[in-house]
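Worksheet: one structure, shown below.
The values are calculated or read from the model by the stated rules, or taken from the named source; none is laboratory data. The shown structure was predicted, so the numbers you read here are calculated from the model rather than taken from an experiment. Using ideal geometry, Cβ is built from the backbone for each residue, glycine included, and neighbour counts are taken over all protein chains shown.
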Amino acid sequence: MAGKVLEIRAMSASSTPAPGIRSAPVVAKLIDTSACIGCKACEVACQEWNDLPPETTVQIGTYQTMPDTTPSFWNLIKFNEHETDDGAFHWLLRKDQCMHCADPGCLKACPAPGAIVQYNNGIVDFQQDNCIGCGYCIAGCPFNVPKMSRQTKKVYKCTLCVDRVSVGLEPACIKACPTNCLTFGTKEVLLQKAKSRVAQLQTAGFLDAAVYDPPGVSGTGVVSILAFGKNPEAYGLPKDPSVSFAVEIWKGPLKWIGNIAIVGGIIGTFVHYLRFGPKHVPEDDKAKQADAGR
Amino acid sequence: MKPVKVAQGNVLRYNFTERLVHWTAALSYIYLLLSGLAFWTPWMWWVAMMLGGGPVSRAVHPWMGLIFTAAVVYMYRMWLPDMRITPTDLEWRKTIRAYVRNEEEEMHPLQAARGFDRFAPVDRFNLGQKYLFWLMFWAGLTLLATGLVLWFSDYLPWSLRWLRLLSAFLHPVAFLFTVGGFIIHVYMGTAVVRGGFSSVIRGEVSESWARYHHRLWLDRVTGASAAKK
Ligand code: HEM
Ligand code: SF4
Ligand code: SF4
């Protein structure tokens, strides 16, 4: 989308290195879940800015708009109900969207050249015109983010408003948030900010408060502050997400073993033929000799 | 076997159904191989372009997979009695090195009469052919099962994520096994065992070919007893 301004640092199914050499500050979105009031302004802003068609809301017994994100609904506030040991009730609101992993499993798993790219500012973006609709990214993503459209057979997800960011604007959801729950900036600065907020929460009695920036995917471009940081599952976040072992082997050693075996097999049969040639049926040979001698 | 007219000195090795099923498997497999290799490595992506582009290859691939597995399952129905591995096959395996080195002349009955019978006689299919059959059968079923999961992977709930990952991993593993079998099979069937290719096209082989490569089978279909040779 913004290839002219941003360079590409990593590209799916590329047999050569991605072209980006310029350094750029890594951007991030900080979500202070403790400051979220569940107003859904971000959901609306996302739909508006991205010109997404309206999605039917689904009543699931909470205030949540629908059960899950969809191909045309990329940003969903999840309303998790949580009871602590002392019997207190908490609403754990979480902004469900693409995490913009530094080590994206979706990109690793994708077989279509250029269908998933990572810009040098860390944003992971799907290029639908290169997507073949195989769904491997769905298997590769540890956060259940990519959603396939039944209509177009392509996957869609949050772009971190790369079109806005590349011209110096903040993402639409950040702009809309009324409580400062959402902030945007360079990851370095935001992490500092997150740390002081965590300290604040801890003095306020949330002793387990922590920053959610999972190292299993080398950190994410969407960083959350969780009041119950020891228990990210309560928010619907995986405890220790990483690119699956199956994906790492499949796209790593298996690729090499397979390529060597295929090329080796072709060369092997060729050399075998040079050395041993075809099999002869002696009786047929004799008949042929007899024919030739006549 | 139904009486089918064959040329003088020939025997029928593959009837029409067998040939049709074989080439249904072969042609659908070649499509699967080509499109599969494009998904396997970016080095082969150009193949997907030649097949109509990435999305088209992705859309057609699973349908070809259904045709391929159907053909392989039909082969199972057709050839199971001929493909069971017998004690004679295990005898034959002991000398497989010599078979690979084309040193099995001694297997020929004329040689055998002179006491050179180092090679166990072969029925309709030799052990290598049986291995290919079983490889294609089991790999085919694995490819079908994992392929179905990948085909509808976006319908799978998040709780079954492990199934999606397992399939994404096992599908290429099974694929690699079939590629190995396929390379050897095509090489043996066309370059090494001359006469094999025309048999799977037109159905017939010469009696001498059959006696040399598949003596037990020839004896069986011509009704000749072992004593007669
Ligand atoms: C271009 C591709 C292929 C070629 C040129 C080819 C060639 C042949 C030939 C020449 C034979 C007869 C061997 C003989 O009776 O001596 C044969 C048999 C057979 N083919 Fe293929 N084949 C191809 C693809 C396949 C595929 C994809 C399968 C997978 C199911 C397959 C399965 C078999 C089986 C099970 C037999 C009977 C046993 C054997 O000869 O191994 N073939 N094929
Ligand atoms: S569905 Fe599209 S983006 Fe996802 S892995 Fe397949 S080609 Fe890549
Ligand atoms: S959250 Fe999923 S879709 Fe987003 S970058 Fe990470 S792996 Fe890719």
For segment B:188-212, what are the residues that are over 15 Å from B:LEU12 (Cβ atoms), near ligand 1 (Cβ under 9 Å from one of its atoms) and assigned to a helix (DSSP H, G or I)? B:MET188, B:GLY189, B:THR190, B:PHE197
Flagged in segment A:3-25 as part of a loop (DSSP other than H, G, I, E, B) and either on the phi > 0 side of the Ramachandran plot or modelled with pLDDT of 95 or more (or both), in numbering order, are A:SER12, A:ALA13
Using the structure shown, decide if B:ARG194 is of a type in the set (D, E, K, R) and either crowded, with 17+ Cβ neighbours inside 10 Å or within 30 Å of B:GLY147 (Cβ to Cβ) (or both). no
When segment A:198-227 is checked residue by residue, the ones that are without any contact (Cβ under 8 Å) to a residue 60 or more places away in the chain and hydroxyl-bearing (Ser, Thr, Tyr) are A:THR203, A:TYR212
Would you confirm, using the coordinates I've provided, whether A:LYS195 is in a helix (DSSP H, G or I), touching a residue at least 12 places away in the same chain (Cβ under 8 Å) and more than 16 Å from ligand 2 (Cβ to nearest atom)? yes
State which residue pairs qualify: first residue on the phi < 0 side of the Ramachandran plot and within 16 Å of ligand 2 (Cβ to nearest atom) and inside segment B:177-201, second residue part of a helix (DSSP H, G or I) and of a type outside the set (A, V, I, L, M, F, W, C) in any location, beta carbons under 9 Å apart, and separation of 6 or more residues or different chains. none
In segment A:201-247, the residues that are surrounded by 15 or more Cβ atoms within 10 Å (Cβ to Cβ), part of a helix (DSSP H, G or I) and either among the acidic types (Asp, Glu) or within 16 Å of ligand 3 (Cβ to nearest atom) (or both): A:GLY216, A:VAL217, A:PRO232, A:TYR235, A:ALA246, A:VAL247
The conditions are (1) touching a strand residue (DSSP E or B) at 6+ places or on another chain (Cβ under 8 Å); (2) closer than 21 Å to A:LEU182 by Cα; (3) not charged (D, E, K, R), and A:HIS82 fails exactly one of them. Which is it? (2)
Filter segment A:80-112 for residues that are away from ligand 3 (no atom under 16 Å from the Cβ) and surrounded by 17 or more Cβ atoms within 10 Å (Cβ to Cβ); the one that is nearest to the other protein chains (Cβ to nearest Cβ) is A:ASN80
Here are some residues: A:ILE77, A:ILE138. Which one is of a type in the set (A, V, I, L, M, F, W, C), touching a strand residue (DSSP E or B) at 6+ places or on another chain (Cβ under 8 Å) and within 11 Å of another protein chain (Cβ to nearest Cβ)? A:ILE138
I'd like to check something: does segment B:130-138 contain any residue that is in contact (Cβ under 8 Å) with a residue 60 or more places away in the chain and more than 11 Å from every other protein chain (Cβ to nearest Cβ)? yes
Restricting segment B:139-163 to residues that are within 23 Å of the chain's Cα centre (by Cα) and among the small types (Gly, Ala, Ser), the one surrounded by the fewest Cβ atoms within 10 Å (Cβ to Cβ) turns out to be B:ALA145
Restricting segment A:113-131 to residues that are within 14 Å of chain B (Cβ to nearest Cβ) and assigned to a loop (DSSP other than H, G, I, E, B), which is nearest to ligand 1 (Cβ to nearest atom)? A:PRO113
Residue hits (segment A:144-180; surrounded by 23 or more Cβ atoms within 10 Å (Cβ to Cβ), out of contact with any Pro (no Cβ under 6 Å at 6 or more places or on another chain) and within 13 Å of chain B (Cβ to nearest Cβ)) are A:VAL145, A:PRO146
